[in-house]
Each structure stands twice: as C-alpha cells, then as structure tokens.
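The values are calculated or read from the model by the stated rules, or taken from the named source; none is laboratory data. What you are looking at is a predicted structure, and each value in this text was computed from that prediction instead of being measured. Don't worry about glycine lacking a Cβ; one is built from the backbone with ideal geometry, like all the others, and counts go over all protein chains shown. Accessible surface areas use protein heavy atoms only, side chains included; no ligands, DNA or RNA. Shrake-Rupley method; radii C 1.70, N 1.55, O 1.52, S 1.80 Å.
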Amino acid sequence: MKTFRRTTFSLAIASLLFTTCAWAETSPKMKMTTPIPEKITTPAKIESRLGTLEFPQGFPTEETADKLYEHLQFMHGVEAFLYALPGASAHAAGRGIKSQGGDNQTVLIMEQLMDSKSLFLTANTESIYNMMWLDLKDGPLVIESPPDILGIVNDHWFHYVGDIGNAGPDKGKGGKYLLLPPGYKGEVPEGYFVLRSQTYQNLYFWRGFIKDGSTATAVANTKKFAKVYPLADVNNPPAMKYLDVSGKAFNTIGGNDFSFFEDINEIVQTEPNEAFSPELLGMLAAIGIEKGKPFAPDEKLKKTLTEAVAVGNATARTIAFKPRTEEAYLSPGSAWFFTFVGGSYQFLSQPGVRNLSARVLFHYNYTGVTPAMAFEMVGIGSQYVMATTDSKGNPLDGAKTYKIQLPPNIPAKDFWSFVAYDNQTRSMLQTDQQFPSIGSKDKNLVINADGSVDVWFGPMAPKGHENNWVQTVPGRGWSVLLRLYGPEKSWFDKTWTPGEFVLLK
C-alpha cells in the first residue's frame, strides 16, 4: 500500500513538472540556448477560478482565448460600474429634474420640503431644495444666487465645479457667478465669481433654511433673487420659472441593471472626452461605449455586461453599507461612518492617489460633491455620518425597535437631524409619516434636563415617546444619517460623539 501511494505521488509530481516545464522538455537544446527563469514563463495549463486555461507552447487555445476575452469584458463591466458610477448618478439626477421641467430657466422648488414620495439619494427633510439642470451648449451662463443658501455646482461626471452661497465666495450674501463651458476661450467680463466646468451639462442645486418654523423666507428669496440666463442676454435676461414639486413622486436615482451602461453611453456621446480619464474612457471603449459610435452589444456581450453590472452593484452596495477601512468609522467599535472618508472631496488618500473605495462609498449612497462636506469648516457647511447597524453590529431591522441617545451639547450651530432611509432605494423610508425624520427643528421634540436627546426607531411608537419617534417598516432594512449643519469644534475634535442604536427587547 505504501509503495503504491509513493508511486502515485511520484507520478503526480512528475506530471506537474511535465505540465509546467513542457516548453523546455519538448524542444532540443540549441547553440544559443541558455537557462530560462521559470518565473517569466507561462505553464501549459493553469488551474484558475475560470477553470483550466491552456497555453501549449505558450499560445492560448481557442477555448482559452474566448474564456479570457469574455472575462476581460466582464472585468471592464464591473470596473465601469464602480468607476463611472458618479456620472451615472449625475445623469439620473438630471433626467429626474428634467422630467419635472427643470432646465436653464426653470427652478424646481420643494416649497413644503422634500418628503419620501420623491426618490432622491439620501436627501433631507429640513431644508428647502432648489434644483436646476444647466446646459452650456449655447455658451456661458450667469447665475445670480439668493442670500443664505448652501449651493453646489457639479458637472456631468459629478466632479466638483464650485460652491455658491454660505460656503462659496459670496459668503451667503448672494452674488453673481459666471459658469463657463468646456474649453471656453472668450472674454471673461469682470464682476463675477467665475466657475469653469469640464462638461456642458451640470447639476446646480441649493438648499434654503427654515426660519421661525416656516419655509416662506427661503422660498421668497429663491423667487426674488435666483436667476440663470445666458451671458449673451445679460442686458435683457429671459423671465425665470419656479415650479413647486413638493410631494411629487419622481425618480432621480440611476438603475442597477443594463440601463446603467446606456446612461453612461449617453454621457460619453454628449460630453467632451477631455472631461474624463483616458484610461476609464478606454475601459468603456473596450465594452463598446465610445464617442461617435453606436453602443450595440451583441447578445453574448449584453449577457456578460448584465452580469457585470449585477456584480458591480453588489460590490458597491457592500462598500457603501459595510465599509472595512478603519478610517471610515467615527471611532473604534462605533457603527457610525463618514460619508466622505478621509476628508477629501476629491477622494484622495494622498496627493495623486485616489481612494477608490471612498469614492464608491460616497457616490452609491449620496450626492453633492463639495469641500464644505469634507473639510473641517467650523460653523460653516455641514457634516454627515451614516449608521447601517446597531450597537452589536447587526443590520437595522424595520420590524424591531431601537433607542439612541445624543449626548448634551449637540455640536450643530444651525440644526441637527436624523433621517431614515430605505436600504433598497437609498431614498427616504416610505412610512405612514410624511417625513421619516426627527431633529432640532421639530417643535415637539422632547429634550432631557441635561440637554441630551433620546430617539426611538421602530414600527410602533413606544408609549409616552411619540414625539421622539421615527417609524420603520417590517420587512424593510433601513439606515440613518445624522446631519450637523454648522458643525462645531467638538465634532471635529471628537470630544462629542453620538450614541449607538440599542435594540430594545
């Protein structure tokens, strides 16, 4: 028996050596033959997660070539989802805004605040949203901003273009901006804060704030001061339109299916190649998305890309809901993690090095790229942390009840809030409550004697705590954002941190 086993083992080793070294044993020694380092060669057979790959005499078989080219397309498809995700998100936002009439002359306003009927990535219920989808194809646009707003311009690939309002150069007093199109070579007149975009289409949105319990002041400021018009019409600007879309059911979130690639193709066809990375545009071209050419994958490629987008989506969702980088978390052992990991609005871990996971984490769940949400700006802008699990690390369950405490001296000069989101839509959780949120703006909020605040999340209000309760839905996973507007020093130095979600029996 031992002899048989030894012989079998010896034959196996001999077979393996023959397989990996066949190139040397099947060719004669020639005058110029020298020892070849094995590490620079390719075995005749490779066992991999793709199955057996065969390279007789170093040349791929037809079956191996087909397998590897299909795998390459699959990898490019997954990478396209992860790396082009920001563009797809901006494109979907623009499509949603345009579906309600938003354009260069039309502002969409949430006059009565945004509720859960509208599908927006992790929007809030405490500020007055104003949205436009700006097109620079006909030349520069003048933007006149209202006072006391937080406004952002992002391009079609969701790159930062500029801040307008409190975190911008007008410092919240209102001002005139000039938004220039890609490659603009014309004269730039004085008297404007100048913004330069790499794309023709741009997302412009701003948030006004509740004053004395009312949205009236912010809405009035938008209608009085907010204007966008071509620079060519500076002496006779066309009239603006303002549409109230409060309570409207419309979608601004992109698809996690094959339509993702169709959206990306629309961006590539519309925008200059210079607006995006040559390497990433090359990756898109490898799967058939290339400027000036139709995107028409055959049935086999479409099947591969459909699987790729499913895996890309699954990967992005895992990164966004269950981060594994320590720097993502507010503190060791906490469920709270940052939306901008690393404090860089460009998602850089060091100069010239992109933090790819940080970029995916942000763009899968959130919108609006600005330094005001990433940098330490005491008393200005806003800060956010997300929780997807309870104090034990278990996902938040809509059928269960949780309690969380915010310690005294909550570091928000302007206001703070919790908003609950549906894990599937990444938009506001749709419940019997119009606004799935609670915060310092709520008149009936109960504050403890020491200044701390207890909040309950669950399908039914705990008796006696109805004013401090956010409803959840059995059968639907959820997550929550803590927002601090006008964040104070104790937030940045971490002398104040929020409590955790404690499951109640």
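Brief remarks on what is shown
Residues are listed down the side, and each one gets a yes or a no for (1) assigned to a loop (DSSP other than H, G, I, E, B); (2) basic (K, R); (3) open to solvent by 50 Å² or more (accessible area, probe 1.4 Å):
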site: P35; (1), (2), (3): yes, no, yes
site: Y69; (1), (2), (3): no, no, yes
site: Q73; (1), (2), (3): no, no, yes
site: H76; (1), (2), (3): no, no, no
site: Y83; (1), (2), (3): no, no, yes
site: A88; (1), (2), (3): no, no, no
site: G94; (1), (2), (3): no, no, no
site: K98; (1), (2), (3): no, yes, yes
site: E111; (1), (2), (3): yes, no, no
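- Of S145, S89, all but one fail to be farther than 30 Å from K224 by Cβ and touching a Gly at 6+ places or on another chain (Cβ under 9 Å); the exception is S89.
- Taken over segment 477-505, the criterion of being open to solvent by 40 Å² or more (accessible area, probe 1.4 Å) and in contact with a Leu (Cβ under 7 Å, 6 or more places away or on another chain) is satisfied by T497 alone.
Residue-wise test of (1) within 20 Å of the chain's Cα centre (by Cα); (2) open to solvent by less than 10 Å² (accessible area, probe 1.4 Å); (3) among the acidic types (D, E).
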site	(1), (2), (3)
L121	yes, no, no
L136	no, yes, no
P140	no, no, no
G162	yes, yes, no
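- Residue in segment 328-341 that is more than 23 Å from T252 (Cβ to Cβ), touching a helix residue (DSSP H, G or I) at 6+ places or on another chain (Cβ under 8 Å) and without any contact (Cβ under 8 Å) to a residue 24 or more places away in the chain present: yes
- Residue list for segment 186-229, filter: in contact (Cβ under 8 Å) with a residue 60 or more places away in the chain and farther than 27 Å from M110 by Cα: Q198
- Yes/no for N256 being within 30 Å of the chain's Cα centre (by Cα) and crowded, with 20+ Cβ neighbours inside 10 Å: no
- Listed by position, the strands (runs of 3 or more DSSP E) contained in segment 356-441 that have at least 1 residues being closer than 27 Å to L150 by Cα, out of contact with any helix residue (DSSP H, G or I) (no Cβ under 8 Å at 6 or more places or on another chain) and open to solvent by 30 Å² or more (accessible area, probe 1.4 Å) are 412-422.
- Of all the residues in segment 231-240, those that are open to solvent by 80 Å² or more (accessible area, probe 1.4 Å) and of a type in the set (D, E, K, R) number 0.
- Hits in segment 202-230 (condition: among the aliphatic types (A, V, I, L, M) and crowded, with 19+ Cβ neighbours inside 10 Å): L203, A218, V219, A226, V228
- Only a single item in (1) outside any helix (DSSP H, G or I); (2) open to solvent by 10 Å² or more (accessible area, probe 1.4 Å); (3) under 30 Å from A286 (Cβ atoms); (4) of a type outside the set (D, E, K, R) is not met by V341, and it is number (2).
- Note on segment 164-180: residues that are under 23 Å from P86 (Cβ atoms) and open to solvent by 10 Å² or more (accessible area, probe 1.4 Å) amount to 1.
- Of the numbered criteria (1) open to solvent by 50 Å² or more (accessible area, probe 1.4 Å); (2) under 25 Å from the mean Cα position of the chain (by Cα); (3) touching a residue at least 40 places away in the same chain (Cβ under 8 Å), the one G183 fails is (2).
- The residue that is most open to solvent (accessible area, probe 1.4 Å), among those in segment 40-67 that are of a type in the set (D, E) and not in a helix (DSSP H, G or I), is E47.
Residue-wise test of (1) closer than 30 Å to Q198 by Cα; (2) surrounded by fewer than 18 Cβ atoms within 10 Å (Cβ to Cβ).
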{"residue": "V268", "(1), (2)": "yes, no"}
{"residue": "A296", "(1), (2)": "yes, yes"}
{"residue": "K300", "(1), (2)": "no, yes"}
{"residue": "E307", "(1), (2)": "no, yes"}
{"residue": "T315", "(1), (2)": "yes, yes"}
{"residue": "I319", "(1), (2)": "yes, no"}
{"residue": "P323", "(1), (2)": "no, no"}
{"residue": "A328", "(1), (2)": "yes, no"}
{"residue": "S331", "(1), (2)": "no, yes"}
